[in-house]
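The values are calculated or read from the model by the stated rules, or taken from the named source; none is laboratory data. Quick caveat: nothing in here was measured; it's all calculated off a predicted structure. Here the Cβ positions follow ideal geometry from the backbone for every residue, glycine too, while neighbour counts run over all protein chains shown. Each accessible area value is taken on the protein alone, full model and side chains, heavy atoms only, with ligands, DNA and RNA left out. Shrake-Rupley method; radii C 1.70, N 1.55, O 1.52, S 1.80 Å.
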Amino acid sequence: MVIFNKIIQNIVCAVTLLFVTTNAYCAFKTLRTGSGISAILYSTKNPANEKNLHVQVPGDTNIYYGGLTTTPIEDTIRMSIDGTVYYLKLDEITPTFFISLTDITAGETFEIQLSPQGRFVIDCGNGDVQTINRTNTTNTTYSCTYTSGGNYTVGIGGLATSYSINATTAAISFYSSAHASPHPNRAKMTGISGDLGRIFPMLNTTTSGSPRFYETFRLTAITSIPPELFASVRGAPTSDMFRGTFSGCSSLTGSIPEELFSGITGAPASNMFRNTFANCRGLTSIPEGLFSGITGAPANDMFSYTFWGCSGLTGSIPAGLFGNLTGAPANNMFRETFYGCSGLTSIPVGLFGNLTGTPASSMFRYTFYGCSGLRDSIPEGLFGNLTGVPASEMFQGTFSGCSGLTGSIPAGLFGNLTGAPASYMFSSTFQGCSGLTSIPDGLFDGITGAEQSDMFRGTFSGCTGLRGQSAKSDGQYLYEKWPDVSVQATGCYGGGTWQNLDDAASIPSTWR
């Protein structure tokens, strides 16, 4: 639900009154909605007493009294004045979101894909203004063709009334997979401004009531993100909501605006921020509070690959970045989140919230892979209070390549795991962490049962700074507890690690 940005007191009839009784006063107010649609609402029988005015928004069970604080979600408003029903039809659509196109050549075409129902306008910036009335949610391409070369500004306005239920169908996008690379949309789209959420707001909590910005700006050449871009998108996230939204935008520079997702609140949804900024190598910092409205139990892939390959990011990862997560882990929830972010310098305490319960498959797989700039030690309790049976690939490669980490691995880092091993559960977890100094006793306590594929393969390979004893589980060295392991632990202490440990002479060759 979008809040009216401004009330302009004016007697301008920009709407058609479809039904009015004769005993109502015709006192007008013009309302400029967040979507750029103007609507004139009639006052009450007593124009001085607006509290008698009741507005019911289609698709919304609430009734609003006076103040006129909501945007209609259709092109017709149903309103009641002292029990009399009126219908007001919206008339004007003006652009509220703008795109800068640079170095367009004569004959070039710029494409926009729209999928929602609703009324929209596309102003191509060359005199071509297209008014579009969409009655379905089929993804459709609209084109602006330029007979003369130059720079242009494309304006888009309107209001969506229903969205596709397909998780990978964007409300709007500027990338067409049907075209070979490089496509004009990617290279020529250099700037954006305005609140896209005014046109594509959250309508309701149904599958068709939430917009998705799946790969909306993927591979475009935009250089910055306007803070207000999603200001009017308010409510709980839906699956794939911001999946790949800016992926591959290598021209983006500076910081991500802190308020970019400020309207997103509530429980996580699957894939909600998957790949959102993947390969945005020019970004330099992550703001505090970027995802602060997220609360509740994790969802599958919710932050997988979010900052993958963002090598330009510097400084510490902000504390509380992922909101207030509580409950059991989910599959792939932080898979490769910071993969290749070599400029990050530290991991804050409590980064992943208060996780409790049974591990999930690939939940922290390669989360910090290649983060060679990380300094200091791994925070205690980083992964919460995990309990129960291990899951496959749960910590595979989590800190692989983090050569700058120092100090001892924290005791209890992996919680209180109990039960049978899982394939690849600790494969390459600390591979190449040459600055780590010791392994605490009981790091793998509680894990019992037959070996699984590659469960300790390369776990401490290349950790040449480790001293003291090798890893134990329930008072036994790993190689004593699983003496028949061969390929499952190949290179566990490889890369020269084994030679520096107190029990070096006892470590089997299959573990070296």
Next on the checklist: Tell me whether the range 182-203 contains one or more residues that are in contact with a Phe, Trp or Tyr (Cβ under 8 Å, 6 or more places away or on another chain), among the charged types (D, E, K, R) and surrounded by fewer than 19 Cβ atoms within 10 Å (Cβ to Cβ).
Outcome noted: no
When you check Thr238 against the structure, is it assigned to a loop (DSSP other than H, G, I, E, B) and under 25 Å from Asp301 (Cβ atoms), yes or no? yes
- Query: Among the residues of the range 169-181, is there at least one that is among the hydroxyl-bearing types (Ser, Thr, Tyr), modelled with pLDDT of 90 or more, open to solvent by 40 Å² or more (accessible area, probe 1.4 Å) and not in a loop (DSSP other than H, G, I, E, B)?
  - Reply: no
Can we say Thr337 is under 18 Å from the mean Cα position of the chain (by Cα) and in a loop (DSSP other than H, G, I, E, B)? yes
For this session: Tell me, yes or no, whether the range 364-382 has at least one residue that is in contact with a strand residue (DSSP E or B) (Cβ under 9 Å, 6 or more places away or on another chain), open to solvent by 40 Å² or more (accessible area, probe 1.4 Å), farther than 28 Å from Leu466 by Cα and in contact (Cβ under 8 Å) with a residue 12 or more places away in the chain.
Result: no
The residue that is least open to solvent (accessible area, probe 1.4 Å), considering only those in the range 219-230 that are of a type in the set (A, V, I, L, M, F, W, C) and touching a Lys or Arg at 6+ places or on another chain (Cβ under 8 Å), is Ala221
With the first residue restricted to the range 130-144 and required to be under 12 Å from Gln113 (Cα atoms), and the second required to be open to solvent by 80 Å² or more (accessible area, probe 1.4 Å) and not hydroxyl-bearing (Ser, Thr, Tyr), Cβ contacts under 9 Å at 6 or more apart or on different chains are Thr137/Ile165; Thr141/Ala178
Residue count, the range 231-255, condition within 26 Å of Ser311 (Cα to Cα), β-branched (Val, Ile, Thr) and crowded, with 24+ Cβ neighbours inside 10 Å, comes to 1
Within the range 107-121, the residues that are more than 13 Å from Lys188 (Cα to Cα) and open to solvent by 40 Å² or more (accessible area, probe 1.4 Å) are Gly107, Gln117, Arg119
For the range 257-272 the number of residues that are free of Cβ contacts under 8 Å to residues at least 60 places away in the same chain, surrounded by 24 or more Cβ atoms within 10 Å (Cβ to Cβ) and either closer than 20 Å to Gly340 by Cα or among the polar types (S, T, N, Q) (or both) is 0
Here the residues within the range 403-418 that are open to solvent by less than 20 Å² (accessible area, probe 1.4 Å) and not in a loop (DSSP other than H, G, I, E, B) are Leu417
| said: One residue is enough: does the range 331-340 have a residue meeting the conditions in contact (Cβ under 8 Å) with a residue 12 or more places away in the chain, more than 15 Å from Asn271 (Cβ to Cβ) and among the aromatic types (Phe, Trp, Tyr)? | reply: yes
Those residues of the range 88-118 that are modelled with pLDDT of 90 or more and within 22 Å of Gly197 (Cα to Cα) come to a total of 16
Checked against (1) surrounded by fewer than 22 Cβ atoms within 10 Å (Cβ to Cβ); (2) more than 34 Å from the chain's Cα centre (by Cα); (3) in a loop (DSSP other than H, G, I, E, B), Glu480 satisfies every condition except (3)
**Asked** Is the range 433-446 home to any residue that is under 30 Å from the mean Cα position of the chain (by Cα) and surrounded by 23 or more Cβ atoms within 10 Å (Cβ to Cβ)?
**Response** yes
If you go through Gln488, Gln469, Gln452, the only one that is buried (at least 17 other Cβ atoms within 10 Å of the Cβ) and either assigned to a loop (DSSP other than H, G, I, E, B) or touching a strand residue (DSSP E or B) at 6+ places or on another chain (Cβ under 6 Å) (or both) is Gln452
Scanning the range 122-147 for residues that are β-branched (Val, Ile, Thr) and either open to solvent by less than 10 Å² (accessible area, probe 1.4 Å) or closer than 18 Å to Tyr214 by Cβ (or both) gives Ile122, Thr137, Thr138, Thr140, Thr141
With the structure loaded, tell me whether Thr387 is open to solvent by 40 Å² or more (accessible area, probe 1.4 Å), more than 25 Å from the chain's Cα centre (by Cα) and more than 14 Å from Asp445 (Cβ to Cβ) or whether it fails that test. no
Subset of the range 351-365, residues assigned to a loop (DSSP other than H, G, I, E, B) and at pLDDT 95 or above, comes to Leu351, Phe352, Thr358, Pro359, Ala360, Ser361, Ser362, Met363, Phe364, Arg365
Filtering the range 97-141 for residues that are more than 22 Å from Glu228 (Cβ to Cβ), more than 30 Å from the chain's Cα centre (by Cα) and in a loop (DSSP other than H, G, I, E, B) leaves a count of 7
Notebook entry, point to check: Has the range 273-293 got at least one residue that is more than 22 Å from Phe338 (Cβ to Cβ), surrounded by fewer than 24 Cβ atoms within 10 Å (Cβ to Cβ) and of a type outside the set (Lys, Arg)?
Noted result: no
